[in-house]
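A short worksheet on the structure shown next.
The values are calculated or read from the model by the stated rules, or taken from the named source; none is laboratory data. Since the model is a prediction, treat every value here as computed from it, not as a measurement. Cβ coordinates were reconstructed from backbone atoms using ideal geometry, including for glycine residues, and neighbour counts include every protein chain displayed. Heavy atoms of the whole protein, side chains included, go into the accessibility calculation; ligands, DNA and RNA do not. Shrake-Rupley method; radii C 1.70, N 1.55, O 1.52, S 1.80 Å.
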Amino acid sequence: MKKPFCFFLIHIVFLVLFCSLFSHARPIPQTDPNYLKFVLNATEFPSEDYYDYIVVGGGTTGCPLAATLSQSYRVLLLERGGVPFGKHNLMSQDGFLSTLNDVDTFDSPAQAFTSEDGVPNARGRVLGGSSAINAGFYSRADPAFFQQSGVEWDLNIVNQAYEWVEKAIVFRPELRNWQSAVRDGLLEAGVEPYTGFSLEHVVGTKIGGSTFDGSGRRHSAADLLNYANADNIQVAVHASVERILLASTSQYSRSRLSAIGVVYRDKKGRYHHAMVREKGEVMLSAGAIGSPQLLLISGIGPRSYLSSLGIPVAYHLPYVGQYLYDNPRNGISIVPPMPLENSLIQVVGITEVGAYLEAASTVIPLVSPSRAVFFRTPSISPLYLTVATLMEKIAGPLSTGSLRLASTDVRVNPIVRFNYFSNPVDVERCVNGTRKIGDVLRSRSMEDFMFRGWFGARNFRYVGPALPVDLSDFTQMAEFCRRTVSTIWHYHGGCVVGKVVDRDYHLIGVGALRVVDGSTLTVSPGTNPQATLMMLGRYLGLKIIRERMKFN
């Protein structure tokens, strides 16, 4: 669906709601992380070398996976972006919007793309991946996720893996006025019980974890590399993996075709070959966009589609790039009558009607009168506008999309379509969630955020569209959902379990190759997937080590 210009304006407003843009914000003091000792520019690497495990993608899952495997094996982690450390916008809460807006074609930490649905989106291109550019909310998976995922989980190892992540990078946020009011409004609206601060996914209203610490400094999956064995791991940044190398194997192998390494290019355009040793594997952790893209470019995917592009078919795997999902986001934004703090998502209402409610607030700097077009005044301090938002994200979703190549150049975004609200259950969940936003807006906790009008009337001042007047009208509410749809950056799928990978994340039909990231998920694990994706990297790393020790 084609979106009008006003949609893109509204999208920018929503982005603003997650960040602070104070130009006078001071850099947060930082000390060099230990992982920098083994991180090098790809130009420093030899033209060919051998490893036990090659992890493609230093993102939310790739970093904990590589760190864990390095405890027992020689590991190479390849990241197409740079290092987040030392970049203020990346490393601080107040740089969220700047990071998402300051984009270029090949180098920016956030790589922008717009789906064929007309919805702007972004993917991480930096060590730490999307965990280094997101809003920092941390919550464990819905217990139902483990039953629906198609994987046989060892929940003891799952809990150990979560704790390993949380010890390093998760903090309890401090609520101030807007987040506190939203918490109270959710409870008044019947999103109960109140469970306080919790990292678990529990129905009701809770305060979640944050990967921003008390000083506003970001922590990401990159920090988990501090757990790595520095003697066993090498991390190459600005290393763009262009192809997975495949070769025929013995008939006694689990597959006739196996991965033997990858080809990557450094910033100077030089090619490097990273090869796996005996019993080694290539671990593809390039994300829901990058992993299916790289498989297709390497000749793994639907035979007829690859042939139509002139890509030699290495292995026919029809569902690569299929079953792609994105959780739609809808909500409202208001200008309150008083200043508010800047806050990212801290409070969440987990409902029993298939929707999660969240909130954020920010202060937007306006054009100073000294720079106004129609008059001149002496230079003075800039003006600021406070904006607050309430939003809902549906569980699931059930609507599915797909991915196809725009180019055989891996640096170019593929073409994606998410088909938002093509499944009527998703529409129903969105209507339920937006109605619950209406309940929160009618609560006593929200009265202070209204303006007084004539004869004592009180009303909100909206930025962008308000909810329909008649919340009971399903048709109007459904139209609101479709008209205001945006993303919350929780897309997943494209290499899903049972279709592209098996329950141990082996690529079906190809040996020595696994996909370990959000592309394997058939459903989003809850309010935010990053906790579960970091857990997955640690979890699978531990399982591989234990299995190899047992086999040996």
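What's the ranking of 110-118, 207-215, 147-155, 65-73 by average number of surrounding C-beta atoms within 10 Å, highest first?
65-73, 207-215, 110-118, 147-155
Can you report the principal axis dimensions of the range 186-231 using only the alpha carbons, biggest first, rounded to whole angstrom?
Result for the range 186-231: principal-axis Cα extents of 54, 22, 11 Å.
Please report the carbon-and-sulfur percent of the accessible area for the range 32-144; probe 1.4 Å, protein heavy atoms only, DNA, RNA and ligands left out.
C and S atoms contribute 46 percent here.
Over the residues of the range 374-504, compute the C-alpha Rg and express it relative to 2.2 N^0.38 Å.
In units of the 2.2 N^0.38 Å rule of thumb, it is 1.52.
Quantify, in whole percent, the carbon and sulfur part of the accessible surface of the range 488-546 (1.4 Å probe; protein heavy atoms only).
Accessible surface attributable to carbon and sulfur in the range 488-546 totals 51 percent.
Stokes-Einstein at 20 °C, 1.002 mPa s, Kirkwood radius from Cα pairs: D for the range 169-308 in µm² s⁻¹?
Once the numbers are plugged in, D ends up at 107 µm²/s.
Could you order peptides 176-189, 122-135 by the average number of other Cβ atoms within 10 Å of their residues, highest first?
By packing density, highest mean first, the sequence is 122-135, 176-189.
Quick one: if the Förster radius is 56 Å, what FRET efficiency do Glu479 and Asn552 give, using the C-beta to C-beta distance and rounding to 0.05?
The calculated FRET efficiency here is 0.40.
Can you give the local net charge around Leu441? Use residues other than it whose beta-carbon is closer than 15 angstrom to its beta-carbon, Lys and Arg +1, Asp and Glu -1.
-1
For every helix of n ≥ 4 consecutive DSSP H residues, a contribution of -39,500 (n - 2.57) applies; sum these over the chain, divide by its total residues, and give [θ] at 222 nm rounded to the nearest 500 deg cm²/dmol.
-7000 deg cm²/dmol
Tell me the net charge near Thr362. Cut-off is 15 Å between Cβ atoms, Thr362 excluded, with +1 for each Lys or Arg and -1 for each Asp or Glu.
Residues near Thr362 contribute -2 overall.
Work out the length of the dipole vector of the chain about its Cα centre, built from +1 on the beta-carbon of each Lys and Arg and -1 on the beta-carbon of each Asp and Glu, and round it to the nearest 20 debye.
Computed about the Cα centre, the dipole is about 780 debye.
Cα-based Rg of the range 236-296 per 2.2 N^0.38 Å, rounded to two decimals?
Taking the Cα Rg and dividing by 2.2 N^0.38 Å, one obtains 1.22.
How much net charge surrounds Met549 when only the other residues with a Cβ under 13 Å from the Cβ of Met549 are counted, with Lys and Arg +1 and Asp and Glu -1?
+4
Need one number: nm distance between label points at Val469 and Asp502, each 7 Å from Cα along Cα→Cβ, rounded to one decimal.
6.1
Stretch Tyr384-Leu155 to full length: gain in nm at 0.36 nm per residue minus the Cα-Cα span?
In short, 77.6 nm is gained.
With a 1.4 Å probe and all protein chains left in place, how much of the accessible area of the range 381-473 comes from carbon and sulfur atoms, in whole percent?
With neighbouring chains kept in place, the figure for the range 381-473 is 50 percent.
Positive end of the dipole of the chain, charges at C-beta (+1 Lys, Arg; -1 Asp, Glu), about the Cα centre: which of Ser240, Tyr539, Gln93 has its Cα farthest in that direction?
After comparing all options, I get Ser240.
Using the heavy atoms of the protein chains and a 1.4 angstrom probe, tell me the accessible area per residue for the chain in square angstrom.
Accessible area per residue: 41 Å².
Normalised by the residues of the chain, what does the relative contact order come to in percent, with Cα pairs under 8 Å and at least six apart?
After rounding, I find 22 percent.
By how many nm would the segment from Ser308 to Met450 grow when fully extended, if each residue of separation counts as 0.36 nm and the alpha-carbon distance is taken off?
Result: 45.3 nm gained on full extension.
Quote to one decimal, in nm, the extra length available between Val202 and Thr114 on full extension: 0.36 nm per residue of separation minus the C-alpha distance between them.
Taking Val202 through Thr114 to full extension adds about 28.4 nm, to one decimal.
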